[in-house]
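Structure record follows, encoded as structure tokens.
The values are calculated or read from the model by the stated rules, or taken from the named source; none is laboratory data. Computed from a predicted structure; not experimentally measured. So basically every Cβ, Gly included, is an ideal-geometry build from the backbone, and we count neighbours across all protein chains shown. Surface areas here come from the heavy atoms of the whole protein model, side chains and all, with no ligands, DNA or RNA. Shrake-Rupley method; radii C 1.70, N 1.55, O 1.52, S 1.80 Å.
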Amino acid sequence: MKGAFSEQGMLVTEGSGGRISNLVSLANEIRKNRPLVHCFLPEAYLLGSGVGMVCGATACIMSRRSRNHYQSRHPVAATVERRLHRHMDALIGNSRAVVQDLLDEGAPPDRVRLIYNGIDAERFAMGVERQELRRVLRDQLSVPDDRVVITCVANLFPYKGHADLLDAFPLLGAGVATRTTLLLIGRDAGSRAALEAQAARLGLSASVRFLGERNDVTDLLAASDIGVLASHEEGFSNAVLEGMAAGLPMVVTDVGGNAEAVIDGECGYVVPARAPADLALALGNLIGDADRRQAMGTAARRRVAASFSLDTCVAAYAALYEELWDRRPNAARQP
């Protein structure tokens, strides 16, 4: 867990997954500064919020950015989390599904907020330079101009649904593989060998590229025609927002906040999870219709700019912090 103070007197803590070595220092800082303490991720919530309450933080806030399925693997920690909820000044989910999880866990409804993720959509704008980048990257990837490129940005965990995506491809028809390339971008979390074997077994080795972890995802999206996320679970996916900002029609599964981002039939398609046939139908509708891809991609970009901008997200957090900061005793008399 690590913490950092902002100029506004807020302490943001994040779980690191390693040893907790700075709790005493953290406690001293909270006693001295009386900040708002905002905890992201379970480890930070379990430790940081407890320290914040004991040491006199002005307010304690938790943010949940995924569904609560992880709690089934950690029942003791889950019990502690649920008891902590009632002591928080605000609990934030980044999708309606995450908010509902918090409510189902007993979080006080008047303290639960929905604040969507936000991104800087201008980074993905397709101007002349990015059109040239598209050509250059396709040359580097040896992808012909007439190929439809489908891109999935997701680390290779089983729950990200890559196996379903591969199973969908043979259902598209024999001719599709010759004019479609699937780019899988993300670090190997233990599934790559099995997925490569599956692709070979399905005769897709020439059509599927495992690109691994990349630092040029923004550029690769410029070289793409369709975005896809076949997850079995999500909180609210920035990868989906980034694909939309890049002007890609998105095919996503109906989990977490995916359907809150992608308007089905307007910005792309929302299909059931674990349903390769539905994935194939949605992808086929886009692969064979360039005009539809263009129209849905334009709608997707407009939606991100209107509803999921970084400015909108920052403003929502700033308003919450100001509200909680102003609740301090005698706040109105302080300079």
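The lone criterion from (1) open to solvent by less than 60 Å² (accessible area, probe 1.4 Å); (2) polar (S, T, N, Q); (3) within 30 Å of S205 (Cβ to Cβ) left unmet by S142 is number (1). Only one entry of T218, T181 meets the criterion of being surrounded by 12 or more Cβ atoms within 10 Å (Cβ to Cβ) and not in a helix (DSSP H, G or I), and that entry is T181. Quick test of your reading of the structure: A273 fulfils all but one of (1) part of a helix (DSSP H, G or I); (2) modelled with pLDDT of 95 or more; (3) open to solvent by 10 Å² or more (accessible area, probe 1.4 Å); (4) not hydroxyl-bearing (S, T, Y). Name the failing condition by number. Condition (1) is where A273 drops out. Any chance the stretch 49-69 includes a residue that's open to solvent by 10 Å² or more (accessible area, probe 1.4 Å), among the hydroxyl-bearing types (S, T, Y) and part of a helix (DSSP H, G or I)? The answer is no, given that none of the residues of the stretch 49-69 is open to solvent by 10 Å² or more (accessible area, probe 1.4 Å), among the hydroxyl-bearing types (S, T, Y) and part of a helix (DSSP H, G or I). Within the stretch 196-215, the set of residues being open to solvent by less than 40 Å² (accessible area, probe 1.4 Å) and small (G, A, S) comprises A199, S207, G212. For V99, the criteria (1) part of a helix (DSSP H, G or I); (2) in contact with a helix residue (DSSP H, G or I) (Cβ under 7 Å, 6 or more places away or on another chain); (3) of a type in the set (V, I, T); (4) crowded, with 21+ Cβ neighbours inside 10 Å hold in every case but one, which is (2).
Per-residue answers, yes or no, for (1) modelled with pLDDT of 95 or more; (2) under 24 Å from L114 (Cβ atoms); (3) among the polar types (S, T, N, Q); (4) buried (at least 17 other Cβ atoms within 10 Å of the Cβ):
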{"residue": "E260", "(1), (2), (3), (4)": "yes, yes, no, yes"}
{"residue": "I287", "(1), (2), (3), (4)": "yes, no, no, yes"}
{"residue": "R293", "(1), (2), (3), (4)": "yes, no, no, yes"}
{"residue": "G297", "(1), (2), (3), (4)": "yes, no, no, yes"}
{"residue": "R303", "(1), (2), (3), (4)": "yes, yes, no, yes"}
{"residue": "A306", "(1), (2), (3), (4)": "no, yes, no, no"}
{"residue": "Y317", "(1), (2), (3), (4)": "yes, yes, no, yes"}
